[in-house]
Amino acid sequence: MLQRCAAVLAAAIMTVACAQTDAGITTNVKTKLAADDTVKAYKVDVDTRNGVVTLSGNIESAAAKEQAIQIARQTDGVRDVIDQLQVGEAAATAGRDNDVDVDVDVDVDDDLENKARAGAAEVKEESREAAAKARAEGREAKAEVGEAAGKAGAAITDAAITSAVKTKFLADSTVKGLRIDVDTSNGMVTLNGNVSSRAEADRALMLARGTDGVKTVHDNLKIAR
């Protein structure tokens, strides 16, 4: 009896351990995304390294993006989530690749039916023109955003680093961001305040170190008893 219990326990431990590997985490995240009604899982790529999950690809809305990030964060074994999802690309592609079909089924005389068909053709043509205009404007906006991002990346200010670190803390379920003060000087971040556990402190340090522009992080956090 004792040997059987030991065998069952060992099998359970091995199952949990396998689930915590990068491959296991990736599989679990993909499974959750596929089961969610808001997220279009087939458009989201999932990659895991050392417990850090990277989400990439195109997604239809900001709500679907937030849902995908939340699902990944709540998956067992996930230490952090890197968001590389693009919103709106799929919708623009759909507008490019698909024609707008207008079905007209009017039970009237021939003259009215012909007018209805002509109106439908006009609507279809206007829709094509609107889609082309939207694509052109989208390309221009994307170029402007890329240029602005390049300039911002060239000189990340201390204030921007502080804001980015605080935002990560507030979005994280482990860290109580309102209880941690963040100060940045020449890219060096100092964390002050009280945390409830060593795990919370380690999580805060990891999030700060993973923020763009951060050179080093000083830990002045105190564990409240």
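Kindly rank 119-130, 55-66 from highest to lowest mean number of other beta carbons found within 10 Å of each residue.
On the way: 119-130: 12.5, 55-66: 17.2.
Ranking the peptides 119-130, 55-66 by packing returns 55-66, 119-130.
What order do you get for Thr211, Thr21 when you list them from fewest to most C-beta neighbours inside 10 Å?
Final ranking by Cβ density, sparse to dense: Thr21, Thr211.
Is the shape of the stretch 158-223 rounded, prolate or oblate, going by the alpha carbon gyration tensor and its root eigenvalues a ≥ b ≥ c, with a/c under 1.5 for rounded and a/b larger than b/c for prolate?
On the way: a/c = 1.79, a/b = 1.48, b/c = 1.21.
It comes out prolate by the Cα gyration axes.
Quick one: Val165, Val46, fewest Cβ neighbours within 10 Å first, how do they rank?
Fewest-to-most Cβ neighbours within 10 Å comes out as Val46, Val165.
Name the residues of the stretch 184-225 whose amide N is less than 18 Å from a point 7 angstrom out from the Cα of Ala160 along the C-beta direction?
Correct set: 184-189, 208-216.
Read-outs throughout are calculated quantities, based only on the coordinates presented, and are distinct from any laboratory measurement. Note that the structure is a prediction, hence the values are computed from the model and not measured. Neighbour counts are summed over all protein chains in view; Cβ atoms, including those assigned to glycine, are modelled from backbone coordinates with ideal geometry.
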